[in-house]
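K.L.:
First the structure, then my questions, so here it is.
Values quoted throughout were computed directly from the atomic coordinates according to the rules given, and no laboratory measurement underlies them. These numbers were taken from a predicted model, which means no experiment stands behind them. Please note: Cβ atoms are built from the backbone with ideal geometry, for glycine as well, and neighbour counts cover all protein chains shown.
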Amino acid sequence: MTPPSVRVFEDSAEASHWVAASVLEWIDSKPRPGGPVLGLATGSTPLGVYREWCRLHQQQGRDWSRARCFNLDEYWPLDPGHRKSFRTFMREQLFAPAGFDLARCAIPSGGVATESVDRHCAEYEDAIQAAGGLDAQLLGLGPNGHIGFNEPGSDPASRTRKVALAAATRERAAEAFAPEQVPLQGLTMGIGTILSARRIWILAFGAEKAAAVDTALRGPIEAECPASFLRTHSQVEWVLDRAAATTVRG
Ligand code: GLP
């Protein structure tokens, strides 16, 4: 197994700038007739990357209209139009200001009925396959080591499915929702889905991520730390700021 590629930047702004350019360079180096296929993340971590992609569209005319996008996850149940849904987040932070074609941007729907969840998740996987698979996947990291909503205990072969959110994840989400309104579950691409991406960039910024970074990079590769499974993929870039990298050597 090749050792993971880890890049440490002075701060998250520098790191985000590098990731924004690195993903573009990668997708532009292998143009696909149907356009690039991106796996995208929500949370505060990718915001700097999205800001840069918006800037490139607005100031340099970068055309995103042919990109196909698949987001990692969504709260369930939750009205997709809810102000705190990941769908709303993506529209506001990236899709609208960077000129993506919304018809080509997929996010698991928090609005599907219980009896339709399994079919919805299977169709999500099929749509990724039909698009030719994920060329580039962006990831944030939960302080508990989760990726997407793949909480500790997740199977490395897991695919898109409904999951229970960990207490720690719900506590963090309570900053966005009223505490009693935080959804109990989510729909998420599985670890197997994420690992099927051709290249992966995982970003972690701030001291609250340092322990998870350390466990993921140096602990055992096991379900207790879902991000540790990224070490089984040869094309992953770990992109850290100094605060998240305090325990990372070299
Ligand atoms: C959330 C999301 C993840 C995200 C993570 C980190 O629960 N489901 O996809 O990467 O937590 O969030 P943040 O970037 O705000 O620290």
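K.L.:
In percent, what relative contact order does the chain have, based on Cα pairs under 8 Å that are 6 or more apart in sequence?
P.N.:
With pairs under 8 Å counted, the relative contact order is 25 percent.
K.L.:
Further question: Who wins for biggest fluctuation among PRO31, PRO183, PRO152 in a Gaussian network model of the chain, springs between alpha carbons below 10 Å?
P.N.:
It is PRO31.
K.L.:
Taking the DSSP beta bridges in the chain as the whole, what percent of them are antiparallel, to the nearest 5?
P.N.:
30
K.L.:
Related question: For the stretch 43-145, give the magnitude of the charge dipole about the Cα centre (Cβ charges: +1 Lys/Arg, -1 Asp/Glu; no others), in debye to the nearest 20.
P.N.:
I would put it at about 500 debye.
K.L.:
Using 0.36 nm per residue of separation minus the Cα-Cα distance, give me the extension gain between GLU222 and GLU14 in nm, one decimal.
P.N.:
Roughly 71.8 nm would be gained on extension.
K.L.:
Express the C-alpha Rg of the stretch 145-186 as a ratio against the empirical globular expectation 2.2 N^0.38 Å, rounded to two decimals.
P.N.:
1.20
K.L.:
Where a ≥ b ≥ c are the square roots of the eigenvalues of the C-alpha gyration tensor, would you call the stretch 117-174 rounded, which needs a/c under 1.5, or, failing that, prolate if a/b is larger than b/c, or oblate?
P.N.:
prolate
K.L.:
Roughly what percent of Cα-Cα pairs across the chain reach past 32 Å?
P.N.:
Cα-Cα pairs of the chain separated by over 32 Å account for 14 percent.
K.L.:
Take the chain, mark every one of the trypsin sites (Lys or Arg not before Pro) that falls in a DSSP loop and has at most 11 other Cβ within 10 Å, then report the longest stretch left between them, sites excluded.
P.N.:
84-248
K.L.:
If pairing requires two Cys Cβ atoms under 4.7 Å apart, which cysteines of the chain are left without a partner?
P.N.:
CYS54, CYS121, CYS225
K.L.:
Can you check how the C-alpha radius of gyration of the stretch 108-250 compares to 2.2 N^0.38 Å, as a plain ratio?
P.N.:
Computed over Cα atoms of the stretch 108-250, the ratio equals 1.06.
K.L.:
When you have a sec, figure out the Kirkwood radius of the stretch 1-145 from all distinct Cα pair distances and drop it here in Å to one decimal?
P.N.:
Evaluated on the stretch 1-145, it is 16.3 Å.
K.L.:
How big is D for the stretch 80-191, in µm² s⁻¹ as a whole number, if Stokes-Einstein is applied with the Kirkwood radius of its Cα pairs at 20 °C and 1.002 mPa s?
P.N.:
In µm²/s, the coefficient rounds to 140.
K.L.:
Taking loop as defined by DSSP and a crowding limit of 16 other beta carbons within 10 Å, which GluC sites (Glu not before Pro) in the stretch 171-213 fit?
P.N.:
Those satisfying the criteria are GLU175.
K.L.:
For the chain, what is the calculated [θ] at 222 nm in deg cm²/dmol (nearest 500), taking -39500 (n - 2.57) for each run of four or more DSSP H residues and dividing by its residue count?
P.N.:
It comes out at -8500 deg cm²/dmol, rounded to the nearest 500.
K.L.:
Where a Cα-Cα gap under 26 Å defines reach, which lysines qualify for LYS209, not counting those fewer than 8 residues away within the same chain?
P.N.:
Result set, ordered by chain and number: LYS84, LYS162.
K.L.:
If R0 is 22 Å, what FRET efficiency do you get for ASP28 and GLU92 from their C-beta distance, rounded to 0.05?
P.N.:
Efficiency at R0 = 22 Å is approximately 0.30.
K.L.:
Another question, then. Using the scaling law 2.2 N^0.38 Å as the reference, what is the normalised Cα Rg of the stretch 8-58?
P.N.:
Computed over Cα atoms of the stretch 8-58, the ratio equals 1.21.
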